[in-house]
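So the structure is just underneath, and the comments pick up after that.
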Amino acid sequence: MDPRLRPYRSVLYIPGSRDRALDKARSLPVDAIIFDLEDAVAADEKENARETLKGALAAGGYGARVKIVRINGLDTEWGRADAEAVRDMDADVVLLPKVNSAADVDALAAITGELPIWAMMETPHGMLNAAEIAAHPLMAGFVMGTNDLAKELQTRFRPDRLPMMTSLGLCLLAAKAEGLIIIDGVYNAFKDAEGLTAECAQGRDMGFDGKTLIHPAQVDVANTAFAPSDDEIDLARRQISAFEETEAQGQGVAVVDGKIVENLHVATAREILAKAEAISALQAG
Ligand SMILES: CC(C)(COP(=O)(O)OP(=O)(O)OC[C@H]1O[C@@H](n2cnc3c(N)ncnc32)[C@H](O)[C@@H]1OP(=O)(O)O)[C@@H](O)C(=O)NCCC(=O)NCCSC(=O)C[C@H](O)C(=O)O
Ligand SMILES: [Mg+2]
């Protein structure tokens, strides 16, 4: 599958220390899992979590879900051992927290080799250096760390996320410029489905590929929000067929529902259909 088409609608954090949650994730309809060794694990549990996670990944059962391991920062007492352990785990991606610059990514790559790297984008320096971080040859995805970012920026949480918009926009620009996956931050109130639905819709409108989640109750909302809707699929099909008809008549512009359709709109329509097919294939497999 073209890596750009791989669905990342729902990306669930699981504390690496929680056996029960590690097991439950094997049956949850998530597109990817972040196995966390960082903030979801207490300091005196760090070593145990690393071993528990190693065992869970070796036992398998996560199917087509992308397996991402978030390590502790390399400036902490656990970071290096985490990175060395991930190198030998059955992981698809290593996720580095609090990335400030491309040099941070280099330091991780020196330990983990060719393993694809994702970056937590959650510090002011990270925002200012987003373009160089995205351009690193091993960089494959950004995850917004909106909790740490709010702390660092001393912003308030608002439903419209206005204080966060510059940061979200900078990271989106950098990720899109380099063809990276980019996943939106978590919605902390995990029992508030209405609030999550609104924030997912905003993230989807902005161009995020999916949402990071902290609880199984959030999965269905994200899977729906980041998949093409029935209306989008129907419109995409009609745009393609109208444009093909117009083209056959030697013209370059069609009109559908009172709006122009040019070749660039057709490219977007084809992407929507390809994304819908990729989701169906994932669900069928
Ligand atoms: C928030 C929680 C502590 C709530 O846990 P709990 O009280 O156990 O919830 P429930 O009783 O409702 O759980 C029901 C069942 O679901 C399983 N469960 C719960 N959470 C998860 C999960 N994340 N993944 C898989 N399974 C999960 C429970 O085990 C129950 O299962 P069962 O007993 O079999 O029915 C908890 O949800 C939690 O710890 N969530 C993750 C928190 C986390 O990862 N935080 C760190 C990431 S956020 C962050 O750091 C982002 C970034 O860095 C930033 O700066 O923004
Ligand atoms: Mg964080």
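Values for this structure:
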read-out	value
Yes/no for Thr166 being more than 16 Å from ligand 1 (Cβ to nearest atom) and polar (S, T, N, Q)	yes
Residues of the stretch 34-50 that turn out to be within 11 Å of ligand 2 (Cβ to nearest atom) and not hydrophobic (A, V, I, L, M, F, W, C), as a count	3
The listed residue being farther than 19 Å from Gly185 by Cβ and in contact with a Phe, Trp or Tyr (Cβ under 9 Å, 6 or more places away or on another chain), out of Leu53, Leu5, Leu28	Leu53
Residue among Leu282, Leu235 that alone is closer than 24 Å to Pro7 by Cβ and touching a helix residue (DSSP H, G or I) at 6+ places or on another chain (Cβ under 9 Å)	Leu235
Residue match in the stretch 37-47 (condition: at negative phi, touching a residue at least 40 places away in the same chain (Cβ under 8 Å), crowded, with 21+ Cβ neighbours inside 10 Å and of a type outside the set (Ser, Thr, Tyr))	yes
Residue list for the stretch 57-84, filter: open to solvent by less than 10 Å² (accessible area, probe 1.4 Å) and part of a helix (DSSP H, G or I)	Leu57, Gly79, Asp82, Ala83
Single residue of the stretch 1-51 satisfying the filter (farther than 24 Å from Ser280 by Cα and of a type in the set (Val, Ile, Thr)) that is farthest from the chain's Cα centre (by Cα)	Val41
Boolean, Ala56 is more than 15 Å from ligand 2 (Cβ to nearest atom), within 26 Å of Ala25 (Cα to Cα) and more than 21 Å from the chain's Cα centre (by Cα)	yes
Matching residues, the stretch 94-104, being crowded, with 21+ Cβ neighbours inside 10 Å and either without any contact (Cβ under 8 Å) to a residue 40 or more places away in the chain or of a type in the set (A, V, I, L, M) (or both)	Val94, Leu95, Leu96, Val99, Asp104
Yes/no for Ala269 being in a loop (DSSP other than H, G, I, E, B) and either acidic (Asp, Glu) or touching a residue at least 12 places away in the same chain (Cβ under 8 Å) (or both)	no
Tally, over the stretch 79-93, of residues that are touching a residue at least 24 places away in the same chain (Cβ under 8 Å) and either within 15 Å of ligand 2 (Cβ to nearest atom) or within 22 Å of the chain's Cα centre (by Cα) (or both)	9
Odd one out for Met120, checked against (1) surrounded by 19 or more Cβ atoms within 10 Å (Cβ to Cβ); (2) more than 13 Å from ligand 2 (Cβ to nearest atom)	(2)
Residues of the stretch 7-36 classified as closer than 17 Å to Met144 by Cα and within 13 Å of ligand 1 (Cβ to nearest atom), total	10
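The values are calculated or read from the model by the stated rules, or taken from the named source; none is laboratory data. These numbers come from a predicted model, not from an experiment. Don't worry about glycine lacking a Cβ; one is built from the backbone with ideal geometry, like all the others, and counts go over all protein chains shown. Side chains included, ligands, DNA and RNA excluded: accessible areas come from the protein's heavy atoms. Shrake-Rupley method; radii C 1.70, N 1.55, O 1.52, S 1.80 Å.
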